[in-house]
Structure formats: C-alpha cells, structure tokens
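The structure appears right after this line, and notes come after that.
The values are calculated or read from the model by the stated rules, or taken from the named source; none is laboratory data. Only a predicted model underlies this, so the values are computations on that prediction, with no experimental measurement involved. Ideal geometry is used to build each Cβ from the backbone, glycine not excepted, and the neighbour counts take in all protein chains shown.
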Amino acid sequence: MSDAGLDAKPRKTPLAPVAARRPQERRAHGEVWSDDYAWIRADNWREVLSDPAALPPDIRALLEAENAYCEALLAPTRNLQRQLAREMRARLKEDDSDVPQTDGPYAYYSRFRHGGQHRIYCRKPRVGGRESVLLDGDARAEGKSFFQLTFARHSPDHRKLAWSADDKGSEMYAIGVRDLAGEMDLPDRVDRATGETVWTRDSLAFLYVEQDDNHRPWRVMLHRLGTDQSEDSQILEEADPAFFIAIKPSRLGRVAMISVHGHDASETHVVDLDNPTATPRLIAPRRSGHRYEAMDHGEHFYILTNSEARDFRVVTAPRAAPEEANWRPFIAHQEGRLLERMSLFKDFLVLLAREGGAPRLFVHELPGGGAHAIAFEAQTYHLTLEPVYEFDASVFRFGFSSMACSQEIYDYDVKLRQRMLRKKQMTPKDFDASAYVTRSVFARDADGESVPISLLYRRDLALDGKAPLLIYGYGAYGHPIDANFSTNRLSLVDRGFVYALAHVRGGTEKGWRWYEQGKLAAKPNTFSDFIAAARQLVAEGFASPRGVVAQGGSAGGMLMGAVANMAPELFAGIIADVPFVDVLNTMLDDSLPLTPPEWLEWGDPIRSAEAFATIRSYSPYDNVRPRHYPAILVLAGLTDPRVTYWEPVKWVARLRATMTGGGPILLRTAMEAGHGGAPGRLERLDDVARAYAFAIACVEGKIGGQGLVQDGSNGSAAAMS
C-alpha cells in the first residue's frame with residue numbers, strides 16, 4: 001500500500017488538552033460513583049441546539065482546543081486528505097439527475113448543478129418540454145453556515161410546493177411554501193417541524209408533525225394557507241414520551257397515514273384528506289410487541305404486521321371495519337424471511353424482504369392473482385424501492401447495487417415480468433467492476449452464532465495476511481447494514497485495503513430474531529459478534545494483525561467504544577462518528593430528548609436494577625480502564641439532538657485521563673453541525689477524506705503504534721477549566 005500524500009517529516013508532537021475534573025456524585029440502585037466530567041454538559045444545552053453561540057465559554061474553549069489538537073496531529077495527512085477528497089469528487093457525476101417520476105400532467109425530479117452542494121427540484125411536462133425549476137437548494141443555502149434541504153412535495157393541483165430545511169443542524173425544521181404558478185414564496189412558515197408534509201385534497205392546507213421542547217415529534221397539526229402557525233389545528237397528539245409520530249400520504253391519495261410508533265409497538269390512524277379535521281380513524285390500538293403498517297387500497301387496507309408472525313405477514317382489512325378482529329390473511333408468515341417494506345398499487349403489491357441474509361423482491365398480483373420473485377445473481381447486494389407517485393401505474397421502480405456494482409435504477413413491468421434499466425450510476429471512465437471482488441464470509445461467535453460479513457477488495461490483492469482492513473459495524477434498532485455501492489470506498493480499496501461490513505446482531509440481516517438477540521439484556525452480543533468478525537478476517541488471511549481499523553457511528557459509535565474497551569489490542573485505529581458512549585448517564589436521565597423511547601432498546605436503568613447492571617457492564621464511558629488503547633478519531637456535532645455533544649467529549653476526557661499508553665485520542669467537533677455532519681454533498685467528502693486519511697495513517701504506523709504515541713505516555717497540556 002502506497003503512503004503517497006503522508007508527510008514523513010518529523011514534527012514536534014503537540015500536547016493534548018486535558019479537561020478539568022469536577023466530580024459529581026451519582027447514585028442508583030444502591031450504587032455510588034463519581035462522574036468527573038458531567039460539567040461538560042451545558043445547563044443551557046437546549047438553547048445551544050438552536051443557537052450554538054450560546055455554548056458557555058469554558059466548554060467552548062475545551063472544544064476549540066480539542067479541534068486545534070486534532071488538526072495539529074492530522075497535519076501530516078493534510079495532503080493525503082486533499083488527494084482523497086479530489087479522488088472521491090472525481091467519481092461523482094456533479095450534474096447528476098434523478099429519473100423523472102410522472103404524476104398527472106408533469107414529470108418531477110431533482111438534480112444537482114456542477115459544483116452544487118444541494119438539490120434543485122424541477123419538473124417538465126409529462127409529454128416533454130421545457131424544464132421548470134421549482135426550488136433551488138443552492139440558492140436557499142447562500143449566506144448560511146449550515147443548510148440542509150430535506151423535503152419537498154408538490155400539491156395535488158400541481159400549483160404549490162411545500163418544502164423544509166434545517167439551518168442549525170439540530171433537526172428542527174422550518175416548512176415553507178412556494179407558489180409554482182406565480183414563481184414566488186408564500187408568506188406561510190411553520191417552525192419546529194419534522195419536515196414531512198401531506199397536502200389535503202383541495203391543495204389549500206397541509207398536515208405536518210410538530211416537535212416539542214425535547215425534539216420529540218408529538219402531534220400532527222393542520223396548516224391552512226394564508227394563516228399564521230398559531231392558528232393551526234391539532235389533529236392528533238401523543239402524550240406518551242416513549243412514542244413518536246410520523247405522517248405519510250397514501251399512493252391512492254384519499255387519506256394520510258399517521259404512524260404512532262415506539263421501539264416495540266405501533267399503531268396507525270387514518271386521516272380523511274377531504275375532511276382533515278375529522279377525528280382520525282384508528283385501525284388497531286397499540287399493544288406491547290405488536291408492530292404494523294397499513295396502506296390504503298380503496299375498500300380495503302393492506303397491513304404488514306408481526307401479529308402471530310415474528311418476521312411479519314400481510315393481512316387485509318375492510319375499510320369500514322379495520323379492527324384487528326377483521327384482519328384476513330393475504331401473505332403468510334415464513335420464519336427466516338423478514339418482510340421489511342411493502343409498496344401498494346392498484347393491481348399489485350411489492351414486498352422487499354430479507355432471506356438468508358440477502359434482500360429479495362416479491363410481486364403479488366391483486367386481488368388474489370399470482371406471485372413471483374425477481375431474481376438477482378450477485379452473492380451480496382442491496383435493493384431499494386424507489387418512489388412512484390401514481391396508484392394505477394403498471395410498473396414499479398427499484399434500485400440495485402452491490403459493493404462492486406454501481407447503482408442501477410429499473411422500472412419493472414409486472415405483467416410482462418421485465419425490467420427496464422432507467423439509470424446507471426456514473427463512475428470514472430477507468431472504473432472496471434471486474435477488477436473487484438465482493439463476497440460473503442462468516443465468523444463464528446463464542447455462542448455458536450454465525451455472523452455474516454460482506455467484503456470488497458481488489459481482485460489482484462494477495463490475501464496473504466498483510467492487507468490493511470477497515471471493518472464497519474452498527475447493530476441496533478433492527479437496521480441492517482446494506483451491502484451497497486460506494487464510490488468513496490474505492491479510495492481505500494485501491495490502496496490495498498479490504499473493506500468489510502460486519503452484520504452483527506442488533507440488525508435484521510438474519511431476520512427479526514437477529515435484532516432481538518442484540519438488544520436489551522442481549523446487547524453484549526453485538527460487541528462480541530464484531531470482535532469475532534475482525535478476528536476471523538485476520539485468521540483467514542484477509543487482514544494483517546496490525547492493520548485492522550474499525551469504524552461505526554451513532555449506535556455504531558457505542559459499538560466502537562465497547563470494542564475499544566474489550567479488545568483494544570485488536571485494532572490499529574478506531575473511528576467513532578457521533579458515538580453514543582455515555583449510555584448509563586443518558587439512560588438515567590429522562591429529561592433528555594430520546595431517553596424514554598430508548599428504554600425499549602437498551603433497558604430502563606431507573607426502574608430496573610437488572611437493566612442498570614447490564615448497561616453499566618458495557619457503557620463505553622463507564623468502562624474505560626487503565627490500559628493501552630489504539631489511536632481513536634472521535635467525531636461530534638455541537639447541535640446534535642440524537643447524540644448530544646458532551647457524550648463524545650466526556651469519553652475522550654476520561655480516556656486520556658485513564659489510559660496507560662497508546663493513542664492518540666483525537667476529537668473533532670463540528671461547531672455548526674449536528675448528527676449528520678456537513679450538509680453539502682461535496683463538503684461531506686472532506687469529512688470522509690479525514691477519516692480515511694486517519695485510517696491509512698494508523699495502518700502505516702504514522703499515527704499510533706510506532707508513530708505519534710501520544711495521550712497515554714507523552715504528557716499533556718494545561719487543564720482546561
């Protein structure tokens with residue numbers, strides 16, 4: 001592997017910031033312990049989410065010192081970072097455009113301009129003609145330090161566009177309305193929203209979801225055009241803080257579906273879009289352990305449910321009486337075939353499933369016609385169901401990619417059973433998919449479970465136990481890691497890396513049981529699966545014992561913190577992106593935005609001594625020990641409402657104060673961004689380049705190992721107060 005771009009000149013190693021210790025006593029279930037860094041959580045943290053300038057000066061000084069230290073230690077990789085960013089940008093089609101989607105008289109799509117950061121929403125006449133720009137994301141972002149355009153939906157009469165954006169990174173969205181006929185903004189503005197809207201059938205009002213002070217989506221409101229937000233009508237409120245609300249339109253267009261969902265239950269309410277202020281119709285009340293999703297087909301609802309079906313089945317219910325007692329079987333449950341998503345049309349239903357660790361597509365003709373599967377030849381791949389507006393469409397649209405095959409968008413004709421390629425993701429002229437290998441291997445955990453791993457590497461790579469490896473993991477909320485295509489990964493793979501996705505428990509890659517075996521009391525399985533996967537790849541010669549770098553973000557950042565404590569000797573480096581690492585303190589604080597709903601994922605340590613003991617046994621912050629740690633790059637966002645900024649900051653402080661050798665421990669906080677980092681598509685490449693340059697430096701010994709051995713042995717700077 002070439003080290004081109006790395007500065008080999010010796011540099012004076014700067015000293016790491018040291019956060020002041022201000023012990024605060026904690027008590028729960030008869031246990032007493034001290035948190036030296038609780039002060040890093042600002043008392044006015046809610047204000048900081050909407051106004052980063054409100055951060056107290058002492059905390060800001062610490063974060064800025066950490067950023068300067070991170071920049072200084074990564075300075076030898078600066079040229080490499082630029083080179084990586086240039087490579088990744090060169091692989092983009094900068095003026096990329098979606099496949100147009102027809103709706104009534106128009107075909108709608110979004111595109112980018114060359115050099116643009118944000119989407120431009122457009123349409124053309126269905127029969128062809130001149131493009132009309134409906135909303136220009138680049139223009140809306142001008143002059144803003146942060147801007148993320150997240151949503152746009154045209155009205156049924158095609159004369160208006162509702163759109164939403166976040167200008168703080170705190171995921172508190174503002175909704176605006178554009179008059180498409182007059183090419184002007186209407187004065188309507190809705191704040192504190194989740195961003196999604198559903199228009200009423202007369203196009204004179206829209207539904208939206210409002211967030212409370214804790215960033216919880218808690219009620220559905222109706223906004224009538226030309227009125228102030230203070231006059232909006234409440235349609236449905238959810239008082240239980242463990243449940244969130246979301247809305248979406250039905251493809252038939254007569255109703256909107258309100259989903260009230262927590263981590264182990266859900267329910268659906270139906271809003272009549274001709275009479276939106278009428279009381280929504282509840283399909284089936286929530287009960288513990290029951291999840292379902294309903295779709296409108298006129299006289300019947302089609303319902304995807306896990307009632308008597310761990311991996312889900314499909315039932316129908318009459319529109320006039322949709323209660324659970326009236327549900328009738330349509331697609332039977334099959335153990336090990338997880339039904340993930342459903343898409344409903346007038347004449348057919350499409351199911352995206354997962355079976356044997358691979359995604360599958362099944363088509364069922366309606367009302368009770370034949371069914372068939374769509375075959376794919378790849379061993380490991382990724383499928384998506386793409387948007388289609390029209391209920392009576394004769395085709396549906398899906399996306400296919402693998403780790404070595406760029407995304408392809410197809411229209412599938414159900415009657416002819418034929419797929420039509422509509423778009424192929426552009427890749428560099430010299431990209432040759434046959435030069436890469438993508439495959440699945442399996443690791444055996446200590447309890448006998450077989451952990452799937454998806455691999456990507458160059459065909460000419462010698463698998464002789466000398467290659468560097470980046471292994472990525474997540475394992476939470478039932479979210480699978482998809483083996484999709486990423487042009488960014490080629491910058492590592494072309495430098496001799498093996499890139500691995502560890503499909504650990506906590507996801508649903510092997511069905512719903514795979515999720516259940518990675519949550520609550522079984523959460524430690526996620527960590528042991530990941531360690532087993534990394535060790536297996538080394539043992540089979542896919543990776544060098546001194547060349548393994550791990551990466552994960554958010555709940556996957558918790559995974560990074562846990563494996564750093566459990567098996568630090570296994571890794572040359574760890575990249576922890578917005579890591580959820582202060583798990584015990586967060587789950588003990590029910591005033592935080594996501595704590596009550598998260599109890600069903602991790603356990604409730606306030607009321608359960610068993611949950612307290614389990615979380616305390618693995619919480620990364622609470623399990624830092626005096627030992628040698630690998631080099632760790634920690635990335636945070638000041639306005640992040642999901643993983644609050646102080647979690648990674650506290651973790652870094654404790655690591656430095658406790659470890660006996662190794663490192664360095666680097667922290668970079670985006671001072672004007674949140675959970676997703678930089679919002680612009682090109683800006684994000686700089687973040688990826690920084691992480692990849694860190695990984696390359698780790699395996700080449702330029703940072704950590706025999707390179708910049710730092711935080712555990714070389715002293716530190718003056719304490720930050």
What about Gly506, is it modelled with pLDDT of 95 or more and touching a strand residue (DSSP E or B) at 6+ places or on another chain (Cβ under 7 Å)? no
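Which one of these is within 22 Å of Ala72 (Cα to Cα), within 22 Å of the chain's Cα centre (by Cα), without any contact (Cβ under 8 Å) to a residue 60 or more places away in the chain and surrounded by 24 or more Cβ atoms within 10 Å (Cβ to Cβ): Ile632, Ile574? Spell out how you get there, then give the answer.
Working: Ile632 fails: without any contact (Cβ under 8 Å) to a residue 60 or more places away in the chain.
Residue meeting the stated conditions: Ile574.
When the stretch 309-329 is examined, which residues are found to be surrounded by fewer than 19 Cβ atoms within 10 Å (Cβ to Cβ) and within 23 Å of Val414 (Cα to Cα)?
First pass over the stretch 309-329, keeping only residues surrounded by fewer than 19 Cβ atoms within 10 Å (Cβ to Cβ): 310, 318-321, 323-326, 328-329.
Across the stretch 309-329, the qualifying residue is only Pro329.
Please go through the stretch 171-185 and pick out each residue that is out of contact with any Ser or Thr (no Cβ under 6 Å at 6 or more places or on another chain) and under 30 Å from His675 (Cβ atoms).
Glu171, Met172, Ala174, Gly176, Val177, Arg178, Asp185
Any idea which residue in the stretch 291-329 is nearest to Leu252 (Cα to Cα), counting only those that are assigned to a loop (DSSP other than H, G, I, E, B) and among the acidic types (Asp, Glu)?
Taking the stretch 291-329 and keeping what is assigned to a loop (DSSP other than H, G, I, E, B), we get 291, 297-299, 306-312, 319-323, 327.
With among the acidic types (Asp, Glu) added as a condition, the list becomes 299, 308, 311, 323.
Numbers: Glu299: 11, Glu308: 28, Asp311: 27, Glu323: 21 Å.
Per the criteria, the residue is Glu299.
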Selected residue (criterion: farthest from the chain's Cα centre (by Cα)) from residues of the stretch 451-498 that are over 17 Å from Ala435 (Cα atoms) and among the β-branched types (Val, Ile, Thr): Val451
Anything in the stretch 219-253 that is more than 28 Å from Gly298 (Cα to Cα), touching a residue at least 12 places away in the same chain (Cβ under 8 Å) and not in a loop (DSSP other than H, G, I, E, B)? List them, or say none. Gln229
Answer yes if at least one residue in the stretch 598-610 is of a type in the set (A, V, I, L, M), within 25 Å of the chain's Cα centre (by Cα) and surrounded by 19 or more Cβ atoms within 10 Å (Cβ to Cβ), and no otherwise. no
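In the stretch 431-460, which residues are in a strand (DSSP E or B) and more than 17 Å from Thr380 (Cβ to Cβ)? Steps first, please.
As a first pass, look at the stretch 431-460 and keep what is in a strand (DSSP E or B): 436-444, 450-458.
Answer for the stretch 431-460, where residues must be in a strand (DSSP E or B) and more than 17 Å from Thr380 (Cβ to Cβ): just Arg444.
Listed here are the residues, each with its yes/no results for (1) within 24 Å of Pro14 (Cβ to Cβ); (2) surrounded by fewer than 17 Cβ atoms within 10 Å (Cβ to Cβ); (3) small (Gly, Ala, Ser).
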| site | (1), (2), (3) |
| --- | --- |
| Ala54 | no, yes, yes |
| Asp58 | yes, yes, no |
| Ala75 | yes, yes, yes |
| Glu87 | no, no, no |
| Asp96 | no, no, no |
| Gln101 | no, no, no |
| Ser110 | no, no, yes |
| Lys124 | no, yes, no |
Single residue of Glu340, Glu335 found to be modelled with pLDDT of 95 or more and not β-branched (Val, Ile, Thr): Glu340
Considering Ala393, Ala373, Ala404, which residue is surrounded by 14 or more Cβ atoms within 10 Å (Cβ to Cβ), over 27 Å from Asp103 (Cα atoms) and not β-branched (Val, Ile, Thr)? Ala404
When the residues of the stretch 407-444 are filtered to those that are among the acidic types (Asp, Glu) and at pLDDT below 95, which remaining residue is nearest to Gly356 (Cα to Cα)? Asp432
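Can you name the residue in the stretch 401-427 that is within 19 Å of Val388 (Cα to Cα) and among the hydrophobic types (A, V, I, L, M, F, W, C) and is also nearest to the chain's Cα centre (by Cα) among such residues?
Restricting attention to the stretch 401-427, the residues satisfying the condition of being within 19 Å of Val388 (Cα to Cα) are 407-424.
Applying the additional criterion that residues be among the hydrophobic types (A, V, I, L, M, F, W, C) yields 409, 414, 416, 420-421.
Numbers: Ile409: 22, Val414: 31, Leu416: 36, Met420: 30, Leu421: 28 Å.
Among those that are within 19 Å of Val388 (Cα to Cα) and among the hydrophobic types (A, V, I, L, M, F, W, C), it is Ile409.
Which ones in the stretch 431-455 are among the acidic types (Asp, Glu) and crowded, with 16+ Cβ neighbours inside 10 Å?
In the first step, residues of the stretch 431-455 are kept if they are among the acidic types (Asp, Glu); the result is 432, 445, 447, 449.
Matches in the stretch 431-455: Asp445, Glu449.
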Please specify each residue of the stretch 284-302 satisfying the condition of being over 17 Å from Phe244 (Cα atoms) and in contact (Cβ under 8 Å) with a residue 40 or more places away in the chain. Met295, Asp296, His297, Gly298, Tyr302
Being of a type outside the set (Val, Ile, Thr), outside the structural domain of Arg489 (by TED's automatic domain parsing) and farther than 30 Å from Glu87 by Cβ narrows it down to one of Glu408, Glu449, Glu390, so name that one. Glu390
Find all pairs meeting these conditions: Cβ atoms under 7 angstrom apart; at least six residues apart or on different chains; first residue within the stretch 415-426 and within 19 Å of His364 (Cα to Cα); second residue polar (S, T, N, Q). Lys415/Ser394
How about the stretch 541-571: which of its residues are in contact with a strand residue (DSSP E or B) (Cβ under 7 Å, 6 or more places away or on another chain) and farther than 24 Å from Asp582 by Cβ? Phe542, Ala543, Gly547, Val548
Looking at Ala294, Ala325, Ala332 in this structure, which one is more than 23 Å from Gly370 (Cβ to Cβ) and more than 27 Å from the chain's Cα centre (by Cα)? Ala325
So Glu647, is it surrounded by 20 or more Cβ atoms within 10 Å (Cβ to Cβ), within 30 Å of Phe151 (Cβ to Cβ) and touching a residue at least 24 places away in the same chain (Cβ under 8 Å): yes
Name the single residue that is nearest to Ala691 (Cα to Cα) among those in the stretch 648-663 being in contact with a Lys or Arg (Cβ under 9 Å, 6 or more places away or on another chain) and not aliphatic (A, V, I, L, M). Gly663
Subset of the stretch 464-501 (residues that are out of contact with any Phe, Trp or Tyr (no Cβ under 6 Å at 6 or more places or on another chain), assigned to a loop (DSSP other than H, G, I, E, B) and farther than 28 Å from Arg513 by Cβ): Asp464, Gly465, Lys466, Ala467, Phe485, Ser486, Thr487, Asn488, Asp494, Arg495, Gly496, Phe497
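Of all residues in the stretch 127-153, which are among the basic types (Lys, Arg) and part of a loop (DSSP other than H, G, I, E, B)?
Residues of the stretch 127-153 that are among the basic types (Lys, Arg), as a first pass: 130, 140, 144, 153.
Matches in the stretch 127-153: Arg130, Lys144.
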Would you call Asp212 of a type outside the set (A, V, I, L, M) and at pLDDT 95 or above? no
Just give me the residues in the stretch 590-625 being more than 20 Å from Ser288 (Cα to Cα) and at pLDDT below 95, in sequence order. Asp590, Ser591, Leu592, Pro593
Restricting the search to the stretch 407-420, which residues are among the aliphatic types (A, V, I, L, M) and surrounded by fewer than 18 Cβ atoms within 10 Å (Cβ to Cβ)? Leu416, Met420
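Of the residues that sit in the stretch 254-269 and are in a loop (DSSP other than H, G, I, E, B) and among the charged types (D, E, K, R), which one is modelled with the highest pLDDT?
Once the filter is applied, the top-ranked residue is Arg254.
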Filtering the stretch 660-678 down to residues that are of a type outside the set (Gly, Ala, Ser), part of a loop (DSSP other than H, G, I, E, B) and surrounded by fewer than 24 Cβ atoms within 10 Å (Cβ to Cβ) yields Thr660, Met671, Glu672, His675
